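This report concerns only the one structure given below.
The values are calculated or read from the model by the stated rules, or taken from the named source; none is laboratory data. Quick caveat, the model's predicted, so the values are computed rather than measured. Here the Cβ is made from the backbone with ideal geometry for all residues, glycine too, and neighbour counts use every protein chain on show. For the accessible areas, the whole protein counts, side chains as well, though only heavy atoms, and no ligand, DNA or RNA atoms are used. Shrake-Rupley method; radii C 1.70, N 1.55, O 1.52, S 1.80 Å.
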Amino acid sequence: MNALNPEIAATESLLAFWRDAGVDACFEDAPVDRTFTPAPPEQKATLKAVASVTVAPDLGGAVSEARRLAAEAGDLDALKDAIAGFTGCPLRDMGASQSVFARGDPGAPVLVIGEGPGADEDAQGAPFVGRAGKLLDKMLDAAGLLDRVFITNTVFWRPPGNRTPTPQEQMICAPFVERAFALMQPKAVLLLGAAAAKSVLKTDEGIMKMRGQWREWRLSEGGLAAPVLPTLHPAFLLRQPMAKRMAWADMLELAAKLDASD
Ligand code: URA
């Protein structure tokens, strides 16, 4: 705290409040390319906290472009490149350092879909590599599923402050998720948490109601379908360890379904 200058002290206090509330990045109203257009010295930047929802200026255009790029990808490597080159998702310009697509075996029988990358994933470029990911791996391993999964998320850039991705951001990234599903043709899909379940299954039902119940994910184009099991997100399990027993039951249910189909 700066005792000599009340304005600086007030600014420090406001920044500390935002930081504690989970805001870890500040942006101007419109993106500024600082490499080529240095802001004039007299221009005062109006900084705005981005805990709020940002909607893509052209949602329909972004979805169409994502669809076009996704359809052109002939395999999962090409899909990864297509995502990395896609500029239509607003999350890309909110402080993410890189796109985060997937990890695991591209030929695996199970596609696992989480919510979106966090700080560790953003730094390492792979999904579920932080604390939640370690727990996920432990559970998958114990259920005999660790080498039978391919893991991705509903969005491919870290939402600022680790907030939940908005439905619009998920909608923009959905063609890539659907293309991963179509290219893999998994035997089953595991959805981690409410945000993934709602986005993939296009429902408003609560995760506590959906978890442990098999649903169907059918793509409108191409007719591809697979059984889908929503479960609790590992980050939630870290906060509510008592709920692990439910997620564990879901893992065993998934393993049994796979074994029955082998
Ligand atoms: N949580 C998610 O939903 N996805 C990740 O990749 C990491 C944490």
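Averaging the sequence gap over all C-alpha pairs within less than 8 Å and six or more residues apart, then dividing by the number of residues, gives segment 107-262 a relative contact order of 27 percent. Over segment 61-108, the Kirkwood radius and the radius of gyration, each from Cα atoms, give a ratio Rg/Rh of 0.99.
Only protein atoms count toward the accessible area here, which uses a 1.4 Å probe; on segment 201-262, the carbon and sulfur part of that area reaches 55 percent.
Put simply, when 250-258, 67-75 are sorted by average Cβ atoms within 10 angstrom per residue, most first, you get 250-258, 67-75. Across all directions, the average projected area of the convex hull around the alpha carbons of segment 61-148 is 6.2 nm². Neighbours of R211, meaning other residues whose beta-carbon lies under 14 angstrom from its beta-carbon, give a summed charge of +2 when Lys and Arg score +1 and Asp and Glu score -1. Can you pick out the pairs among K134/K198; K198/K244; K187/K257; K209/K244 whose Cα atoms lie more than 18 Å from each other? Listed pairs above 18 Å: K134/K198; K198/K244. Couplings 3J(HN,Hα) of segment 180-191, computed from phi: 4, 4, 5, 6, 7, 6, x, 7, 7, 10, 10, 9 Hz, in residue order, whole Hz [Karplus 6.51 cos²θ - 1.76 cosθ + 1.60, θ = phi - 60°; x for Gly and Pro]. For segment 153-233, the set of GluC sites (Glu not before Pro) satisfying both a DSSP loop assignment and a count of at most 11 other C-beta atoms within 10 Å is given as E221. Return the percentage of antiparallel bridges among DSSP beta bridges fully within segment 136-262, rounded to the nearest 5 %. In segment 136-262, DSSP labels about 50 percent of beta bridges as antiparallel.
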